[in-house]
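Chemist: Encoded as structure tokens, here's the structure I'll be asking about.
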Amino acid sequence: MHEVKHRVHFAILYGILCLLAAFLSYQVYWNNSPQEVFYYWKRDIQNHFSEPKVIDLFPKGNLGIIQDLAVAESAPELERSVSDTNFRKQLIEVLGIHFDPENPPQIILSKTSENIEQDGLAITKRAFLSYDGVEIPFYQIVPSGFVETARHPAIIMYSGHGSVGQLVFEKNSYQHAGALELARNGFIVFAMENRGMGELSHLGDHLRIDAVARLTDGSWYGEITTDALYLFHFAYQQHFVEKGKIGVGGVSTGGALSLFVSALEKRVSAAYVQGYLGSFATTFGTRANHHFCNNLAGIFKVGDLHHIAARVAPRPQLFVNGTRDTFFWQDAENAFQHIRNKYAELDVADRVEFMKPSGVAHELSPQLAVEFFMKTLKQDQ
């Protein structure tokens, strides 16, 4: 009996120490105040039981910043009526991208480090050299029945915050091994590690990468969008990939990369964007509800998220924000109306869709991605 009590006391002490360690890590590592730590914990617990409430967290008393944000958001639409070429140049400049889709490298060097067999799928771990010589790990997943002399539809799945392993192997993660699920449905899939995460954590935390990149008018998103464009071009160069049937997809940061890449790269055939659509003014502005790596300096020189997404028209896009996602579906739905108007102008409104699946939090929905890409990339097969 005495020993049992000691075990209980030890378990309680261990639990308290874990909570304290987590609390301190939020404050020190993420530089969050105690109030912010309690807010995030409270939010995450509430999301397990009910839909998140749409609220602004930025202090309304800071009127100067809010007024500047309102002015930037309501800038005349005429200023954004630029040619696609000039738009791409502006987006490349604001993000600090080191890749010109109009003049891509002739060859992207890549090496193989590991071959894995899983569920009849051939998974090859590889790495390519990015603009600065850094090796960017990625997985190439080949479905069963693959014929190397034939051409197959392909999908580049970009990882969200976390390791690419979540996207490829970890079904219980928020990315639900979506890349593997797409490969099981007959697609060749490529999935990339993001700088500052997973195997590339040694390059520095992504917020630190972002802070340093801003010193030279860059950003963390500029770095990983550069890598994302490199991977797209690498996939495009493969002889077994069908050139007119290459999709991009992802959740969270993966959704952002899918959006930016499809806006910049005209050869993207279809884009699946989950857990990212909203507005820079609200989602990352007054809501202040997400990682500050999304607060891209000068982004309103290019436009809001719906301006960027509209540039993908008339190519197919599916936007998904679940009802429990803290990328609030209300913000996403408002943005989608602008996007759909652009598609309607081109008489292709049936090529763009918004979904808000009930009970889905900030996570990838592999089955929705499979259905979308089956419809857009395999409909005539």
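The values are calculated or read from the model by the stated rules, or taken from the named source; none is laboratory data. Just so we're clear, the structure is a prediction, and the values are computed from it rather than from any experiment. Positions of Cβ are backbone-derived with ideal geometry, glycine not excepted, and every protein chain shown enters the neighbour counts.
Chemist: Collect the residues in segment 152-191 that are assigned to a loop (DSSP other than H, G, I, E, B) and crowded, with 24+ Cβ neighbours inside 10 Å, keeping them in residue-number order.
Modeler: S159, G160, Q175, F187
Chemist: Let me ask something else about it. Suppose the filter is aromatic (F, W, Y) and within 30 Å of V360 (Cα to Cα); does F128 pass it?
Modeler: Against the criterion (aromatic (F, W, Y) and within 30 Å of V360 (Cα to Cα)), F128 does not qualify.
Chemist: Still on this structure, I have one more. Say we look at segment 305-345 and pick out the residues that are hydroxyl-bearing (S, T, Y) and in a loop (DSSP other than H, G, I, E, B); which of these is surrounded by the most Cβ atoms within 10 Å (Cβ to Cβ)?
Modeler: T326
Chemist: Right, another one. Quick check on segment 232-245. Is at least one of its residues of a type in the set (V, I, T) and out of contact with any strand residue (DSSP E or B) (no Cβ under 9 Å at 6 or more places or on another chain)?
Modeler: Among the residues of segment 232-245, not one is of a type in the set (V, I, T) and out of contact with any strand residue (DSSP E or B) (no Cβ under 9 Å at 6 or more places or on another chain), which makes the answer no.
Chemist: A follow-up question, please. Checking the conditions here, which among A228, A235, A263 is part of a helix (DSSP H, G or I) and under 13 Å from the mean Cα position of the chain (by Cα)?
Modeler: A228
Chemist: Oh, and also: Residue pairs, Cβ under 8 Å, 6 or more apart or interchain, first in segment 197-222 and assigned by TED's automatic domain parsing to the domain that holds G165, second modelled with pLDDT of 95 or more and among the acidic types (D, E). List them.
Modeler: Going by the 8 Å Cβ cut-off, the qualifying pairs are E199/E193; L200/E193; I209/E223; A213/E223; D217/E93; S219/D210; W220/D210; Y221/D210.
Chemist: Can you name every residue in segment 255-288 that is out of contact with any strand residue (DSSP E or B) (no Cβ under 7 Å at 6 or more places or on another chain) and not hydrophobic (A, V, I, L, M, F, W, C)?
Modeler: Scanning segment 255-288 gives E265, K266, Y276, G278, S279, T282, T283, G285, T286, R287.
Chemist: Tell me, which residue of segment 195-225 that is in contact with a Leu (Cβ under 8 Å, 6 or more places away or on another chain) and in a loop (DSSP other than H, G, I, E, B) is farthest from V268 (Cα to Cα)?
Modeler: Top of the filtered list is G196.
Chemist: Sort out for me the strands (runs of 3 or more DSSP E) sitting completely within segment 44-151 that have 3 or more residues that are within 26 Å of the chain's Cα centre (by Cα), modelled with pLDDT of 90 or more and not hydroxyl-bearing (S, T, Y).
Modeler: Because the criterion is at least 3 residues that are within 26 Å of the chain's Cα centre (by Cα), modelled with pLDDT of 90 or more and not hydroxyl-bearing (S, T, Y), the strands (runs of 3 or more DSSP E) in segment 44-151 that meet it are 121-129, 135-142.
Chemist: Which members of segment 358-372 meet the condition of being buried (at least 16 other Cβ atoms within 10 Å of the Cβ), out of contact with any His (no Cβ under 9 Å at 6 or more places or on another chain) and closer than 13 Å to L318 by Cα?
Modeler: L368, A369, V370, F372
Chemist: Looking only at segment 287-304, how many residues end up being closer than 12 Å to Y276 by Cβ and not in a loop (DSSP other than H, G, I, E, B)?
Modeler: Number of matching residues: 1.
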